[in-house]
Structures are given as C-alpha cells and as structure tokens.
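The values are calculated or read from the model by the stated rules, or taken from the named source; none is laboratory data. Since the model is a prediction, treat every value here as computed from it, not as a measurement. Heads up, the Cβs are rebuilt from the backbone with ideal geometry, glycines too, and the neighbour counts pull from every protein chain shown.
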Amino acid sequence: MEEEQQEAVQNETPQIPKKGPRVHKRNKDNIKLEKSKEYYSKTTSMGDLINPDKEMYMPGTGIFAPPLPKNFKEYPTFLDFANSRLSEVKKGGMFGKKFSPSEVIICSMDPLKTSLLISNKKIGAQLNELLLTYIKAKADEDGKKALKEIYDLIRKDEELIDETFLQAMRLTNQTPDEFSRKTWQAFMFVCTIFPASKDIKGVVYNYIESRCHDTDPVLQSMAQFTYIRYDARTPSESVLEFDDEAIPLDEIIDNLPNDVFEGNHYSCVSIYEMIWSQSRNERIHYPYPIYLKQITNRMVELGILKTEGCFRLPGSKLAYTKALKELYHNKCEISSLTINDLDSMFKAWFRALTEPLIPTGYFDEFLESVKNEKYIEFAESLPRVNRDTLKFLVGFCKKITAANEYTKMSSLNVAICFSPNIVSPPKSRVLETQRGAEYAKSFLIYLVDHWNTTDIYTD
C-alpha cells in the first residue's frame, strides 16, 4: 500500500483542495467516518511502517498519525492523577464533603464551587462558571465572550493554565449527550492556545489518547483532533502568541464548532492538522501539505530557477502575510504574488507552523544526531509526515542549488534561509535557540548535498 501511495505522490498533479462538505447531522458524520475506516482497514498503520510498537502512535488516524511521546507508557491515567493529587478537593466550604477521586474527574453541569489544583477557590469557581457559560450558551456571542474572558484571566496569571486544563478535561468525561460537542470544543480551545505544565502534561496526553478509542465516532474524531492541537502546543511550553502573522483569537474561537469536520486550514497550524484536512478532501495519499507543491510550482513558473539570490530578497510583507492568512482559510490566491512575495511566503509558512517541522520533542535527538554527523539517519527516523515534508523542502532546495549558475544559491545559502524555521527548543531552553539554528544549518547543508528525495520531490 505504501508503494501505491508513493506512486500516487509521484504521478498525480495535486489540486488546491476544495472546501469539504458541510457536516452537521450525526448520520453524515458516521458515513464520513465509516468511509475513513474502510480506507484505513486496507492500509498499514503508521506504527507498522516506522515502529513495531503500534501504541506509540495516536490511534484511529491511519498512517499519517502524529506520534505519542516516547515515554507515553509512563504517564498516569486521569483517575490515578485524581487519587494522588485531587484527593483533598472539597465540594465547597471549609467543612464541605470531599469529592471521591472518581467523582472529581466526571462531568457535572452544576457549578463547581471550588478549585481542583490552585489554592484560590474563588478563581477556580470563576473558571468553571465561564466554561459552563460557553457550554450552555444559547447565543453564540455569549459563548465567545466566555472564552475570551478565560483567555484574559489566564494571561493575567499563567498558573491558572493547569487548573483550566483539568476543569475542561473533566467536563468531557461522561458528559450528557446534549453538551458533549461543546465540552470538547472548550477543551480544544484550551489545548490550542495553552501548554500544559510538566506536572500535568502526561495525564492530559493519556486522557486524550484514551478518548481517541471512543465508541462514538464523532467524539472519537473530536478527541483525535484535540490531540493534534494539544501535541502542537504543549511541547513548546509557550502560549500561542497573536502577532501580525498569527490568526486572531476571535477567528480561532469562531472556527471551533467547525474545525474537526469542516475546517480547511493550510497555514498557521501544525502539519498534522493540514493532513487531517487533506484526508477529508480525499487527498490522504499525500504525506505532506499539498499547498507546498502549489507554491513551489508557481515559483518555478515565474522563473525562480533563473532568479539570482532567490530567498534572500524579501517580498512585500503585507502581500505574503495576507496570503498566509488566506491560506489558513483555504482561500489563497497566489497568482498575483511576485517571486519574492512567494519565496517569502514559503519561508513564513514554515515559521508559522504551530509546531516546528522537526518536532520540539525531538530537539535533543536532533542535537545529538548532528553532533555525531548522523544527518540522514535522523531525518529518516522522523515521523512520516515530518520526514516527508522535510524531504519535499530539501528536494526543492536541491532544485534551486542545481540551477546555481543562475540563482547563485549553494546548499549553504538555502540552509541559511531555512534553518531558523525548521527547529526550535522548548521555552525553558530558549537560550539554545541559536545553537539549534546553527545545527539546523549544518543539517540542511548535508541533506541538500546527500539525501535522496526523489520518492517525494519529483519535479
């Protein structure tokens, strides 16, 4: 099957994906998911392809699944965590009755009059009230306002992040059917913007992974998508920043109800979210985001292979930032962009990924591999989507350097252009950013000169 997929990658000219069908009714969700199951039943799992331990990959999403953390099996369950950390939580008041560990992790639509982790019970109760407001809101504006208030509250005191994670996670556990989607949307919001701390990172990973096995196909998909968002944010240890290249908070909130089944985001998200969108648009056999091919093909059409100093001359920031944000909505029209706009957009696309092309969790392995000059071995060991997207980038860089007579671009030149955008350390190790970029430069130079990319980049 993998050979058939690679052949499809080589022979089919990708088209810009159309917006997926609107999916609201449960029976349509089931039809869509059954179709997906039929495909996956005929394929090998990603674990079979790369690692014999199938549990090391998120379940239920086929060969393009994101990897689970390497120490995933050591992570506690939600109940184990409740037994060890939440056993003293009282239902309210100094002399209130304690929650049992199993009770404290189960959804209740009644207001929580206390906190789960933090000492400030009033703030804990306020967070719960805002989450319930979003979940129960009859008017969209009331729900959106509640999420914005949660965001503002946490930004004032980031020690509230873990409290919010546990409260949102609790609300998705054994939820009444009428509220199940909204509780997952609230949890997804938290996972999209905030990183869980090291104290609870493992239990959240374990919980979301367990819900990826849900017997309800809709909730299963919501759990899988939430895992993708969580895995793109938490390893970085940093809160999503809303700078001029980022998607505004309002848009992220507006898109929550549709992201899982209708979203078509192709920039400013993780590559796994892009692959998720492609799979719904029947482009699942592409192991990298297909817009990359659209952009590089257009650059070639405009004569980049005869443009001296390509990727070194900046384009219009206004033009490529606008195009990047349109790409988030799958509405990008690149025909009006110049070569320099496009090559700046291409670099910005990698920079805007919510998780670097080389996953943050692989940072130490990356440093060690480059130190030991195991460049290709490391590249080949990456999860398939990361590996093949990197292979596409390197293949295109090879094409640029092969035209060195005109472009005046060597492997060193292209490595200088892209190395800052493919790897970064977690926030707690920010002082290693420059070291990572230098290692990435050596890494790309070697790959451009020596890595065979013809199975992915064939133009």
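Could you list all residues from the range 73-122 that are touching a residue at least 40 places away in the same chain (Cβ under 8 Å), assigned to a helix (DSSP H, G or I) and buried (at least 16 other Cβ atoms within 10 Å of the Cβ)?
The answer is Phe78, Phe81, Val104.
Taking the range 417-431 as the search range and keeping residues that are free of Cβ contacts under 8 Å to residues at least 60 places away in the same chain and either surrounded by fewer than 18 Cβ atoms within 10 Å (Cβ to Cβ) or not assigned by TED's automatic domain parsing to the domain that holds Phe311 (or both), which one is nearest to Thr354 (Cα to Cα)? Working first, answer last.
First pass over the range 417-431, keeping only residues free of Cβ contacts under 8 Å to residues at least 60 places away in the same chain: 419, 430-431.
Then drop every residue that is not either surrounded by fewer than 18 Cβ atoms within 10 Å (Cβ to Cβ) or not assigned by TED's automatic domain parsing to the domain that holds Phe311 (or both), which leaves 430-431.
On the way: Val430: 16, Leu431: 20 Å.
Here the residue is Val430.
Checking Ile290 against (1) crowded, with 19+ Cβ neighbours inside 10 Å; (2) hydrophobic (A, V, I, L, M, F, W, C); (3) modelled with pLDDT of 90 or more; (4) within 15 Å of Asp459 (Cβ to Cβ), only one condition comes out false. Which one?
Of everything listed in (1) crowded, with 19+ Cβ neighbours inside 10 Å; (2) hydrophobic (A, V, I, L, M, F, W, C); (3) modelled with pLDDT of 90 or more; (4) within 15 Å of Asp459 (Cβ to Cβ), Ile290 misses just condition (3).
Tell me which residues, restricted to the range 250-271, are outside any loop (DSSP other than H, G, I, E, B) and surrounded by fewer than 16 Cβ atoms within 10 Å (Cβ to Cβ).
As a first pass, look at the range 250-271 and keep what is outside any loop (DSSP other than H, G, I, E, B): 250-255, 271.
Residues satisfying the conditions are Asp250, Glu251, Asp254.
Search the range 369-386 for residues that are closer than 15 Å to Asp449 by Cβ and pair each with any residue that is in a loop (DSSP other than H, G, I, E, B) and not β-branched (Val, Ile, Thr) when their beta-carbon atoms are under 7 Å apart and the residues are at least 6 apart or on different chains.
Filtered contacts from the range 369-386: Ile376/Trp451; Ala379/Trp451.
Could you please find all residues in the range 287-315 being within 15 Å of Cys332 (Cα to Cα) and of a type in the set (Phe, Trp, Tyr)?
Once the filter is applied, which keeps residues that are within 15 Å of Cys332 (Cα to Cα) and of a type in the set (Phe, Trp, Tyr), the range 287-315 yields only Tyr291.
Looking at the range 395-408, I want the residues that are in the same structural domain as Glu308 (by TED's automatic domain parsing) and have a partner that is among the charged types (D, E, K, R) and assigned to a helix (DSSP H, G or I) with Cβ atoms under 6 Å, at least 6 apart or on another chain. Which pairs are those?
Close Cβ pairs satisfying both conditions: Tyr406/Lys306.
Considering only residues of the range 408-459 that are within 23 Å of the chain's Cα centre (by Cα) and among the β-branched types (Val, Ile, Thr), which is farthest from Glu380 (Cα to Cα)?
Top of the filtered list is Val430.
Working only within the range 130-150, note down all residues that are within 15 Å of Thr172 (Cα to Cα) and surrounded by fewer than 16 Cβ atoms within 10 Å (Cβ to Cβ).
Across the range 130-150, the qualifying residue is only Lys136.
Considering only residues that are part of a helix (DSSP H, G or I), under 21 Å from Asp459 (Cα atoms) and among the basic types (Lys, Arg), which ones fall in the range 359-412?
Arg384, Arg387, Lys391, Lys398, Lys399 - these are the residues of the range 359-412 that are part of a helix (DSSP H, G or I), under 21 Å from Asp459 (Cα atoms) and among the basic types (Lys, Arg).
Would you mind stating whether Ile247 is assigned to a loop (DSSP other than H, G, I, E, B) and of a type in the set (Val, Ile, Thr)? Full working, then the answer.
Working: assigned to a loop (DSSP other than H, G, I, E, B): yes; of a type in the set (Val, Ile, Thr): yes.
It is true that Ile247 is assigned to a loop (DSSP other than H, G, I, E, B) and of a type in the set (Val, Ile, Thr).
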